[in-house]
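A short reminder: the numbers here are calculations on the coordinates, not readings from a lab. None of the values given here were measured: they were computed from a predicted structure. Please note: Cβ atoms are built from the backbone with ideal geometry, for glycine as well, and neighbour counts cover all protein chains shown.
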Amino acid sequence: MTLHAPLIIDVAGTRLSKTDKRRLAHPLVGGVILFARNWADRAQLTKLCRQIKKVRADLLICVDHEGGRVQRFRSDGFTHLPPMRAFGDLWFNGPGAATGEAALNACNAATAAGFVLGAELRACGVDFTFAPVLDLDHGGSTVIGDRAFARDARVTTALAQALMHGLLQAGVRNCGKHFPGHGHVQADSHVDLPVDERDLATLVADDAAPYRWLNASLTSVMPAHVVYPQVDTRPAGFSARWLDGILRGQLGFTGAIFSDDLSMAGARQIDGREVSYTEAALAALEAGCDLVLLCNQCVVDGGAPIDALIDGLSEAVVTGRWAPREASEQRRQDLLPQGYPLPWDELMVDARYMHALSLLP
């Protein structure tokens, strides 16, 4: 077993620089997250992914690619996937809604979407996507909104299970987010620290319910940068009570836990004070995260924040402030894709793929 590699970082452009390669080769770096700035076309993306794997074959190549407004690759043949709300709408309003047939059709369409999403990413060399969103649509959150399947936790669970099955057909693992639920708060954790005043019983019975019902299917979870003060004063991603006590202990989750982006405003305030990226990473890891993300910092001062985080975590290992965990590394390795993907040209004429396209709402 190799040293636990918890850091997921990003790169600046459409090909790796020498600095990118140096960072990705560091034993504490476990993966890379791609953004629209890393995309020009399919050929370029495929070459970039090959460059990354040449640095280290075990690096996890990730992307936020959900469908709707959160889809990093949108041209050169990539399918424009619908927002998750479209599947909820099909469930409630599609033909046969009164008899339950619409619900089954919605689940079938969600499976098709998961397969299309995963197969297209894998055809270009991407390993993993941060999907599905399990947040409930309470109607007030602009940052979640139509990214959510529905308000009903049961409908959300069924549709998410279906989408995850489609991803698995393409060999791609899944990530439920944002635990225990971001859909009730109006504030956007990218720019603020949202606070949800509901009590634990309400949260577990409603917003967090999909995590209990999907505990045998979820391979990873991303907690919310939201404070639930009736449970803990820390945001969920920095709370051992939420991660080890409730998510793992009470709800039975056994997979990997990612922090959300540590550069977000919701991650910079812990225990009433502003923290550095290294302090935030250590707090997340100590609370129970297996992997921590730092996004969009490769373009700040030549990536100085990434170097500072790598150096800070390295120092924490040397001084004994943080100890790598073998179980966490195994969970990271378990997220690597299964099987071999179809090359793009073969995928485009694959019967299952073409049928899946026909099922999308």
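Per-structure values
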| item | result |
| --- | --- |
| Ordering of 49-58, 305-314 by burial proxy (mean other Cβ atoms within 10 Å per residue, highest first) | 305-314, 49-58 |
| Residues with amide H under 5 Å from that of GLY68, placed H, sequence gap 5 or more | LEU81 |
| Rounded FRET efficiency, nearest 0.05, which uses the C-beta distance separating GLN338 from ALA304 and R0 of 35 Å | 0.40 |
| Computed [θ] at 222 nm, deg cm²/dmol, the chain (DSSP H ≥ 4; -39,500 (n - 2.57); rounded to nearest 500) | -11000 deg cm²/dmol |
| Local electrostatic count at ALA316 - Lys and Arg +1, Asp and Glu -1, tallied over other residues with Cβ under 14 Å | -2 |
| Proximal aspartates and glutamates to LYS47, defined as alpha-carbon separation beneath 17 angstrom and excluding residues fewer than eight positions away on the same chain | ASP10, ASP20, ASP58, ASP76, GLU120, ASP127, ASP345 |
| Peptide ranges 119-127, 99-107 listed from the most packed, as the mean C-beta count within 10 angstrom indicates | 119-127, 99-107 |
| Residues LEU59, LEU293 arranged by fewest to most Cβ contacts within 10 Å | LEU59, LEU293 |
| Under the Karplus curve 6.51 cos²θ - 1.76 cosθ + 1.60, θ = phi - 60°, whole-Hz ³J(HN,Hα) for the stretch 222-229, x wherever Gly or Pro sits | 10, x, 7, 7, 10, 8, 10, x |
| Within-12-Å neighbourhood charge of ILE8 [Cβ basis; K, R +1; D, E -1] | -4 |
| Under 13 Å, Cβ to Cβ, from LEU200 - net charge with Lys/Arg +1 and Asp/Glu -1 | -4 |
| Simple spin-label estimate for ASP271 and SER314 in nanometres, 7 Å along Cα-Cβ | 2.7 |
| Residues of type lysines that LYS53 reaches as a straight line, Cα spacing below 17 Å, ignoring anything fewer than 8 places off in the same chain | LYS18, LYS21 |
| Footprinting exposure proxy for GLU274, GLU286 (fewest neighbouring C-beta atoms within 10 Å first) | GLU274, GLU286 |
| DSSP H segments from the chain that extend 18 Å or more along their own axis, Cα-based, with Kyte-Doolittle mean of -0.5 or above | 101-123, 153-169, 304-319 |
